[in-house]
Amino acid sequence: MELLFLGTSAGAPSASRNVQSCAVRLESGEYVVVDCGEGTQQQLLKASRAKSFRPSRTNLILVTHLHGDHSFGLPGLVVYLDNAATEKAPPLQIVGPVGVAAFLRTALILSRTELKRGYRVTELATPAPTGGGAYEGAALCTTAPPVLHPDERAVSEVLAPNDDGMFALELLTGCSLTAAPLAHGSIACVGYRLQEADAPGSIDAQRAAAEAERAGDDARRICRALRECSLNNTERLTLADGSELSVADGFVGAVTRRGRAVVVLGDCCHAGGVCSDATRRLVEDADVLVHEATLDDAFAALALERGHSTPADAARVAARAGTSHLVLWHFSPRYRNDDAFRTTFTDAVRAHFGGALTLALDFDRVAVPREKKVLPPAAPPP
Ligand SMILES: [Zn+2]
């Protein structure tokens, strides 16, 4: 698993940073793009020229919310990925809060855009935002227009949250996708968790084949069953002749590979590190937590007013979640990548969080290692 940051500026681009987007490369080689501010397709083009992104391996776009710095590049990105896909590619999947289907459908219909692979949208029915300044017209726009784009493969599915306030989506192989609502002023916003399935230890295929021959069983079936035993902690496997194999007896390598978890949050206000129960469950024990830090802690009151977080807010969330690696992004364009910026943001985090820290800039890549690091204690507060 690896993250590739394509845009890390909040609200508007800066001279060196584009607006929000990142791509997550999964173990399967597939990519998932999270958010797509204006110009994301240009960023992806640069990344694919540098061989750090494969548009043809991208079948899923996750939109955290419809603020322009996260969504204005969506129609262009859909077209870009459509151009890169083969005729046989499955429809592009798009997930986002309610309104994303109408936004995309309107743009594609009015621009007379034709797509060869088609697309399908899943909208997440988040609770109504409680932040101030609700924009009344937005609710009316979420259902228009009533006509599907010719390449929209099905009426958008609107997914309700589970009893725990979270959304569970079955869109990837070997990796689960969950989402949780985030508090971000007057707009519906979500965060996403990509969680790999645990992988079994290596199977001794030669021994399994010998046992299969002895018992008149099928070697491939035995290997498959051994993998399941490894994942489910089942100790014994019954063969065709009724004999049993002890899984602990060297047929399966001892180590079951732990699945890794990457959480990418949309914009959110976590003043003082306080977040909802659903968000806490989403970020719990993540290997990498990608969290916004729009303004530094000297502007904490302004960040709160605008529904954003500071580096200290994000660090507190990461520390409580037990995450190994905190990645900050979504920096106001007022910040340049200079020593003052790095020192301010790093010091604010270090007062609360002792794990790995990245201040992500455009085209930075963050690998997600298999082994979770044990966190050193955070520095004591000054
Ligand atoms: Zn926003």
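Details
- Using a probe of 1.4 Å, the accessible surface attributed to I187 totals some 40 Å² when neighbouring protein chains are kept in position.
- Residue with peak Gaussian network fluctuation, the chain [Cα springs, cutoff 10 Å], from L60, L74, L148: L148
- Taking only the alpha carbons of segment 205-246, we obtain Rg and Dmax values of 9.4, 26 Å in that order.
- Seen against the Cα atoms of the chain and their longest principal axis, helix 100-110 is set at about 70 degrees.
- For the chain, accessible area per residue (1.4 Å probe, heavy atoms of protein chains only), Å²: 46
- Helical content alone sets the calculated 222 nm signal of the chain at -7500 deg cm²/dmol, taking -39,500 (n - 2.57) per DSSP H segment of four or more residues and averaging over every residue.
- Length gained on full extension, R57 to T346, computed as 0.36 nm times the residue gap minus the Cα-Cα distance: 100.6 nm.
- Approximating the spin labels as points 7 Å out from Cα along Cα→Cβ, the A219-to-S176 distance works out to 3.5 nm.
- Electrostatic bookkeeping for L92 treats Lys and Arg as +1 and Asp and Glu as -1; over the other residues with beta carbon under 10 Å from its beta carbon, the sum is +1.
- Counting only alpha carbon atoms, the long axis of helix 219-232 and the longest principal axis of the chain meet at about 50°.
- Whole-percent carbon and sulfur share, accessible surface of segment 205-246, 1.4 Å: 42
- Calculated FRET value between R320 and R365, using beta carbons and R₀ = 30 Å, to 0.05: 0.65
- Considering only C229, C269, C189, the mean-square fluctuation computed in a Gaussian network model of the chain, springs between alpha carbons under 10 angstrom, is largest for C229.
- Counting Lys and Arg as +1 and Asp and Glu as -1 over every other residue whose Cβ lies under 13 Å from the Cβ of H67, the net charge comes to -4.
- Cβ-Cβ FRET estimate between N162 and E2, R0 fixed at 35 Å, reported to 0.05: 0.75
- Our coupling estimate for segment 339-356, obtained by passing each phi through the Karplus curve with A = 6.51, B = -1.76, C = 1.60 and θ = phi - 60°, is 4, 4, 4, 5, 5, 4, 6, 5, 4, 5, 5, 5, 5, 10, 9, x, x, 5 Hz, Gly and Pro reported as x.
- Among V368, V95, V290, the residue with the largest mean-square fluctuation in a Gaussian network model of the chain, with springs joining Cα atoms closer than 10 Å, is V368.
- Couplings 3J(HN,Hα) for segment 307-324, derived from phi with the Karplus relation 6.51 cos²θ - 1.76 cosθ + 1.60 (θ = phi - 60°), are x, 10, 10, 10, x, 5, 4, 4, 5, 5, 4, 5, 5, 5, 6, x, 6, 7 Hz, where x marks Gly and Pro.
- Other residues with beta-carbon under 13 Å from the beta-carbon of H330 carry, at +1 per Lys or Arg and -1 per Asp or Glu, a net charge of -4.
The values are calculated or read from the model by the stated rules, or taken from the named source; none is laboratory data. The structure displayed is predicted, hence computed values, not measured ones. Backbone-built Cβ (ideal geometry, glycine too); neighbour counts: all protein chains shown. Quick note on the areas: whole protein, heavy atoms, side chains included, nothing else; ligands and nucleic acids left out. Shrake-Rupley method; radii C 1.70, N 1.55, O 1.52, S 1.80 Å.
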